[in-house]
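The values are calculated or read from the model by the stated rules, or taken from the named source; none is laboratory data. This structure is a prediction, so every number in the text was calculated from the model and none was measured. Positions of Cβ are generated from backbone atoms using ideal geometry, with glycine treated the same way; all protein chains shown enter the neighbour counts. Side chains included, ligands, DNA and RNA excluded: accessible areas come from the protein's heavy atoms. Shrake-Rupley method; radii C 1.70, N 1.55, O 1.52, S 1.80 Å.
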Amino acid sequence: MDCVRDRRSGFEVSPVRPRVVITGRVPQPAVDLLTPVAEVWMNTDDLLPREQLLAQVAGADAILSLLTARVDAELLAAAGPRLKVVANVAVGYNNIDVPACRAAGVTATNTPGVLTDATADIAMALVLMATRGLGSSERVVRSGTPWKWGMFEFLGVGIQGARLGLVGMGQIGVAVARRAKAHGMTIAYSNRSAADPAVVSELGAERLSIDELLATSDVVSLHCPYGPETHHLINAEALSKMRRTAFLINTARGPVVEEAALVVALREGLIAGAGLDVYEREPELEAGLVDLDNVVLLPHVGSATIETRTAMATLAARNALAVLSGQPPITPIT
């Protein structure tokens, strides 16, 4: 059957409307791209039980998956043979079993690029909040506890001239480095491959081994993808290599850090502090973490701007439409 071009999305689609399942609420512009050419079901219940999601994906041609949805062999089997594409509404895809998708002949995509600046802003905010102790200072004011200005009250440390060590030098890592340099920090990085020479020259960045970076950085910021090789990359041994005056920032994925070991390091003063936007077992936190004043805790808001979340969802929708129309995906997971 001949395809027809949808004027709104620009993609050629079958006149038989494909079925698209969205595993959680997304901004309306993404839904508006899909509805002229597809039958769309969107989960509006954040607590949708797994068995209900498995039932809903049956017969789907495309799935737009949020990072809270586990896309594995079980879900792919529940969807059935019509499924052509899983479009993740995130740059990270540790919620997707990519080999299982390949085995099932299902294209998997993600949303790189569109959330770089928003996440880099949060990483830099955490650097400033952690080093200046702004989280604990704000809690004092909110609690109504009497306080006064004093030369030795609420002291933090400055970051001018301090070394920022980046574990991972992809788009987000580079964006954080640019922000840090503007604040007067020097830049080091650890990465599987050397960064673009032009970027290295611009930033004056020094490439180090992970052990050298941990031992010499004043702030360590994580920007590596999550996978088996980076699970608990920052564990008790890694934390022991950091300076007692150093801070750890994580806006990557929670399981990159062994949270129990981090609690011990923060409690015992093995490192000075931390700033976290992601957690090992979200939304659950490691016991003792919330009791510590030397850690800033954010609820996974790295990409949480209206503009960014809209761009993520619409890119996922366009990826789905591209595959459904027989075109290559825009941003495939390779």
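Here are some notes:
- Simple label model, 7 Å out from Cα along Cβ direction - Lys181 to Ala215, nm: 2.7
- Exposed-loop-free span, longest in the chain, where trypsin sites (Lys or Arg not before Pro) count as exposed if DSSP calls them loop and at most 14 other C-beta atoms lie within 10 Å: 245-334
- Taking every DSSP beta bridge that has both ends in the chain, the antiparallel portion is near 10%.
- Förster-model FRET efficiency, 30 Å R0, Thr334 and Ala77, C-beta, rounded to 0.05: 0.80
- The chain, accessible area per residue, ligands and nucleic acids excluded (1.4 Å, Å²): 48
- Theoretical ellipticity at 222 nm over the chain - DSSP helices of four or more residues, -39500 (n - 2.57) apiece, nearest 500: -10000 deg cm²/dmol
- Linear extension gain, Ala287 paired with Thr245, 0.36 nm per residue minus alpha-carbon span: 12.8 nm
- Note on exposure: His223, His231 ranked by accessible area (1.4 Å probe, complete protein assembly) read His231, His223, with the most exposed listed first.
- Surface composition of the chain: carbon and sulfur make up 55 percent of the accessible area, probe 1.4 Å.
- Selected from Glu202, Glu307, Glu259 as most flexible by GNM, with the chain as the system and alpha-carbon contacts under 10 Å: Glu202
- Counting 0.36 nm for each residue step from Asp46 to Arg207 and taking away their Cα separation leaves a gain of 53.8 nm.
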